[in-house]
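The block underneath contains the structure these notes are about, expressed in structure tokens.
FYI, it's all coordinate maths here, none of it is from the lab. Bear in mind that the values here come from a model prediction, so they are computed numbers and not experimental data. Every residue, glycine among them, receives a Cβ derived from its backbone with ideal geometry; neighbour counts consider all protein chains shown.
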Amino acid sequence: MSDYLLHCRKCGSYLRVEDCISCEHCPDALLRSEFPDLRFRVERRRGIWRFNWLPVQAPREGSAAPVVYRSERLGDRLGLKNLFVAFNGFWPERGAQVETCTFKQFEAEVVLANAREQGKNGLVIASAGNTARAFAHLSAQTGFPVVIVVPCMCLNEMWYLKSATRVPTAVIQDGDYADAIDVAERIARVSGMPFEGGVRNVAKRDGLGVVLMEAVSAIGRLPDAYFQAVGSGAGAIAVWEMAERFLLDGRFGERLPRLYLAQNLPFAPMFRAWKRGERRLASVDLDPGLIEEISTRVLSSRYPAYAICGGVYDALTASDGNMYGITNGEMAEARLLFEEMEGIDIVPAAAIAVAALQKSVKAKEIASDELILLNITGGGEKAIRREGRAVMVEGDFISKTISQEGIEELLCHVLKRN
Ligand SMILES: [Zn+2]
């Protein structure tokens, strides 16, 4: 763990860490954390806190980590000699102990630890599903207060661990993920608890970048190509930023992994903009009606970090990557294939990445001997459900047009209950 500075990719300024989520000169640029420690180190701790490039000084003991392994059967089936899977979920037989069954648990670990060290009194979180479960779990485990805002349209894909059911959760009846973000920002202003910041929060991206640190520590070098499904794009940007640190270290490769990212058709605004060769997302591709038609609501962000300096467009360009659009049918087939080959169930969003891998093999975009890292962003839910530990989310239903008085009442109600 180390001290770090925030660096603006656009103007090159260095900023102090306190409460800073964007450069005052460059509202259209992401900041990234820069660690004085340029060498990658794996320390004698457990879980994700073994790695040195995290913006936390004194982490709590123990935390689950990704499991990275070489795939035999799926690799054979696809004709790939060096296919590695980063499994983020619950699969005790393989040593995977992420009980929330999502890589967002690493994000929640790092964001909450970072917020605590910065003296914040709590956080307001907006989520389309997995992030909510991860933050609820970590809040319940660590006692750090959070208020979570989710859209109702994502509820039927959502669940909490039984131990986290009392974490305050507001459900937007009449809106999507973008509305949840808007309401979360308003709740933050009324409650005095800061908004978590979404993709602009460096702690969030560094937490998601744990997947690449785990992979490099397991494999010994950077992959040639990396596959992941994207909603907000935070996970993909995180991998790019983490790969840049490995290049600076110099011992793990000389080229960025090519990022192969995928979205669920027909709601695929980044895929469509990339295919047009444009940095700008088209409003027609952001139509909320399209969200109703996709199987993976967790990927339904209408505010993805695509055009912003240091965002997905720049990550794809810098890494010579590509994007794929995956239909619901292709997703469902890939999901079955993965479970059949690897012996573990995966979430729909992870199957989007598997389907993208199949497409890129078919299109001969990757060579059979290249080192491929497939990010299975979530899986193992069946075992958690079998153990009876997954429960429906029971939140307080509110409208996206809730008034200031309404928010005050809600806070009074949910905070008193806890
Ligand atoms: Zn700047």
> In the structure displayed, which of 81/364; 275/359; 162/359; 81/204; 204/416 lie more than 26 Å apart, Cα to Cα?
Replying inline: 162/359; 81/204; 204/416
> What is segment 53-120's relative contact order, in percent, from Cα pairs under 8 angstrom and six or more apart in sequence?
Replying inline: 32
> To the nearest Å, what is the center-to-center distance of segment 124-181 and segment 26-93, using C-alpha atoms only?
Replying inline: 24
> Hey, if you put +1 on the Cβ of every Lys and Arg and -1 on every Asp and Glu Cβ in the chain, which of 177, 290, 363 ends up farthest toward the positive end of that dipole?
Replying inline: 363
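Given the chain, what whole percent of its Cα pairs are spread farther than 28 Å? Intermediate results must be reported in sequence, preceding the final value.
Details: 37728 of 87153 pairs.
Value for the chain (Cα pairs over 28 Å): 43 percent.
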> Are there cysteines in the chain with no second cysteine's Cβ under 4.7 Å away, and if so, which?
Replying inline: 11, 20, 101, 152, 154, 309, 412
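Roughly how big is segment 373-416's charge dipole about its Cα centre, with Cβ charges of +1 (Lys, Arg) and -1 (Asp, Glu), in debye to the nearest 20?
Working: 6 positive and 7 negative charges, 84 e Å.
With only Lys, Arg, Asp and Glu charged at Cβ, the dipole is about 400 debye.
Give me the net charge of residue 8's neighbourhood, meaning all other residues with Cβ under 11 Å from the Cβ of residue 8; Lys, Arg count +1, Asp, Glu -1. Each step should come with its number before you reach the end.
Details: positive: 9, 10, 32; negative: 24, 28, 34.
Residues close to residue 8 contribute a combined charge of 0.
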> segment 157-216: D in µm²/s via Stokes-Einstein (Kirkwood Rh, Cα pairs, 25 °C, 0.890 mPa s)?
Replying inline: 173
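Find the Rg to Rh ratio for segment 323-418, where Rh is the Kirkwood radius over alpha-carbon pairs and Rg uses the same atoms. Present the calculation step by step, with values, prior to reporting the outcome.
Working: Rg = 20.6 Å, Rh = 17.0 Å.
Here Rg/Rh amounts to 1.21.
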> Given R₀ = 45 Å, FRET efficiency for residue 14-residue 392 by Cβ-Cβ distance, to 0.05?
Replying inline: 0.45
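Run through segment 1-76 and list the GluC sites (Glu not before Pro) located in a DSSP loop whose Cβ has at most 15 other Cβ atoms within 10 Å.
Numbers: sites: 18, 24, 34, 43, 61, 72; in loops: 18, 24, 43, 61, 72.
Loop-located and lightly packed - 18, 24, 43, 61, 72.
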> For the charge dipole of the chain, defined by +1 on Lys and Arg C-beta atoms and -1 on Asp and Glu C-beta atoms about the Cα centroid, which residue among 155, 122, 243 has the Cα displaced farthest towards the positive pole?
Replying inline: 243
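Please give me, ordered by residue number, the GluC sites (Glu not before Pro) of segment 210-307 that lie in loop per DSSP and have at most 14 other Cβ atoms within 10 Å.
On the way: sites: 214, 241, 244, 254, 278, 292, 293; in loops: 254, 278, 292, 293.
Taking segment 210-307 and a limit of 14 other Cβ atoms within 10 Å, the loop GluC sites (Glu not before Pro) found are 254, 278, 292, 293.
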> Using +1 on the beta carbon of Lys and Arg, -1 on that of Asp and Glu, and nothing else charged, what's the dipole of the chain about the Cα centre, debye to 20?
Replying inline: 700
> Once amide H atoms are built 1.01 Å from N in the peptide plane, which residues 5 or more positions from residue 377, or in another chain, come under 5 Å H to H?
Replying inline: 350
> Long-range amide H contacts for residue 123: which residues qualify at under 5 Å (H placed 1.01 Å from N, peptide plane, sequence gap of 5 or more or a different chain)?
Replying inline: 146, 147
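Expressed in nm to one decimal, what extension gain is obtained for the pair residue 251 and residue 336 from 0.36 nm per residue of sequence separation less their Cα-Cα distance? All intermediate terms of the calculation are to be shown ahead of the outcome.
On the way: separation 85, 0.36 × 85 = 30.60 nm, distance 3.76 nm.
Net length gain for the segment: 26.8 nm.
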> From the phi of every residue in segment 175-185, what ³J(HN,Hα) in whole Hz does the Karplus formula 6.51 cos²θ - 1.76 cosθ + 1.60 yield, where θ is phi - 60° and glycine or proline is x?
Replying inline: x, 10, 4, 4, 5, 4, 5, 4, 5, 4, 5
> Expressed as a rounded percentage, what relative contact order does the chain have, with Cα pairs under 8 Å and six or more residues apart?
Replying inline: 20
> About its Cα centre, how strong a charge dipole does segment 25-176 have in debye, to the nearest 20, once Lys and Arg get +1 and Asp and Glu get -1 at the Cβ?
Replying inline: 600
